[in-house]
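This report refers to the structure that appears directly beneath it.
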Amino acid sequence: MDRAFILQCTPLYINAMGLVLRLCVVGVLFSLVIGLFCALVRYYRIPVLTGITGMYIELSRNTPLVIQLFFLYFGLPRVGVTLDAFTCAVTGLSFLGGSYMAEAFRGGLEAIGKGQIESGLSIGLSQAQLIRYVVLPQALAVAAPALGANVIFLLKETSVVSIVALADLMSLAKDLIGLYYKTNEALLLLVAGYLVLLIPLSGLFWFAERRLRYAGFGH
């Protein structure tokens, strides 16, 4: 194991980790918005939109992220739409993540008893107030474990964004192996980079889930 090589390349991996983290944060935020919208549409069975969101979820969940990125980065320019690599990666992650978040939110929404909704309506709450004060807090608490798992899943899925020429962790490892033939060192740094990102994230969601349980949500 070449320690000097590891120390020399560590800053490169730190920069790549920053890119992965930015991709994940932006992609997750858009995924949550898309997922919540789709879940509410399907929960309230809004005409037309229910069918459209259902088709989107099936399409997104049944096509690999690699294919989606290929379409965004190489396919769209043929019809006059050109996106930079970062935008393509965020769009792909959001498109994929939105469907998984939608299913997680839907599970949380369906866990809410109909009696609570009827009680809220009986005391004069509007639909907006009902969603804000009754439906969403409980749905988020129930869906929290699945949402956390989806965030971790999306972070790991960033390993394929090198296909659109982004210098992520995986791309950096492959380049270093190709240039210097330091396979063990490059892979060690690759694994360490993902662990540094994933372990704190897993701990954060574990802590948040426990706090929600102690607060009495999700029961």
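What pairs come out if I take residues in region 195-206 that are without any contact (Cβ under 8 Å) to a residue 24 or more places away in the chain and among the hydroxyl-bearing types (Ser, Thr, Tyr) and pair them with residues that are loosely packed, with under 10 Cβ neighbours inside 10 Å and assigned to a helix (DSSP H, G or I) whose C-beta lies under 8 Å away, six or more apart or interchain?
That search, which allows pairs on different chains as well, returns nothing.
Being without any contact (Cβ under 8 Å) to a residue 12 or more places away in the chain and more than 30 Å from LEU188 (Cβ to Cβ) is the filter here; which residues of region 1-32 pass it?
If the condition is that a residue be without any contact (Cβ under 8 Å) to a residue 12 or more places away in the chain and more than 30 Å from LEU188 (Cβ to Cβ), then LEU29 is the only one that fits.
Regarding region 61-74, can at least one residue be identified that is surrounded by 14 or more Cβ atoms within 10 Å (Cβ to Cβ), under 14 Å from ALA102 (Cα atoms), of a type in the set (Ser, Thr, Tyr) and in contact with a helix residue (DSSP H, G or I) (Cβ under 9 Å, 6 or more places away or on another chain)?
Within region 61-74, not a single residue is surrounded by 14 or more Cβ atoms within 10 Å (Cβ to Cβ), under 14 Å from ALA102 (Cα atoms), of a type in the set (Ser, Thr, Tyr) and in contact with a helix residue (DSSP H, G or I) (Cβ under 9 Å, 6 or more places away or on another chain).
crowded, with 18+ Cβ neighbours inside 10 Å and either among the hydrophobic types (A, V, I, L, M, F, W, C) or touching a strand residue (DSSP E or B) at 6+ places or on another chain (Cβ under 8 Å) (or both): is that true of LEU189 in this structure?
When the stated conditions are applied, LEU189 passes them.
Need the failing condition index for THR63 against (1) over 13 Å from the mean Cα position of the chain (by Cα); (2) of a type in the set (S, T, N, Q); (3) in a helix (DSSP H, G or I), just the number.
Only one criterion in (1) over 13 Å from the mean Cα position of the chain (by Cα); (2) of a type in the set (S, T, N, Q); (3) in a helix (DSSP H, G or I) is unmet by THR63, namely (3).
Where residues in region 17-58 are hydroxyl-bearing (Ser, Thr, Tyr), under 20 Å from LEU96 (Cβ atoms) and over 15 Å from the mean Cα position of the chain (by Cα), which of them is surrounded by the most Cβ atoms within 10 Å (Cβ to Cβ)?
The extreme case among them is THR53.
Suppose we filter region 42-60 for residues that are part of a helix (DSSP H, G or I), over 25 Å from LYS156 (Cβ atoms) and of a type in the set (D, E, K, R); how many remain?
1
Considering region 1-16 alone, what residues qualify as being among the hydrophobic types (A, V, I, L, M, F, W, C), surrounded by fewer than 19 Cβ atoms within 10 Å (Cβ to Cβ) and in a helix (DSSP H, G or I)?
Answer for region 1-16, where residues must be among the hydrophobic types (A, V, I, L, M, F, W, C), surrounded by fewer than 19 Cβ atoms within 10 Å (Cβ to Cβ) and in a helix (DSSP H, G or I): ALA4, PHE5, ILE6, LEU7, LEU12, ILE14.
Looking only at region 116-132, count every residue that is surrounded by 12 or more Cβ atoms within 10 Å (Cβ to Cβ) and closer than 17 Å to ALA39 by Cα and tell me the total.
Residues flagged as surrounded by 12 or more Cβ atoms within 10 Å (Cβ to Cβ) and closer than 17 Å to ALA39 by Cα within region 116-132 amount to 5.
Among the helices (runs of 4 or more DSSP H) lying completely within region 113-219, list those that include at least 2 residues that are at pLDDT 80 or above and either more than 22 Å from TYR44 (Cβ to Cβ) or touching a Pro at 6+ places or on another chain (Cβ under 7 Å) (or both).
Those helices (runs of 4 or more DSSP H) span 136-157, 169-180, 183-214.
The values are calculated or read from the model by the stated rules, or taken from the named source; none is laboratory data. If you're wondering where the values come from, they're calculated on a predicted model, not measured in any experiment. As a convention, Cβ positions derive from the backbone with ideal geometry for all residues, glycine included, and neighbour counts pool all protein chains shown.
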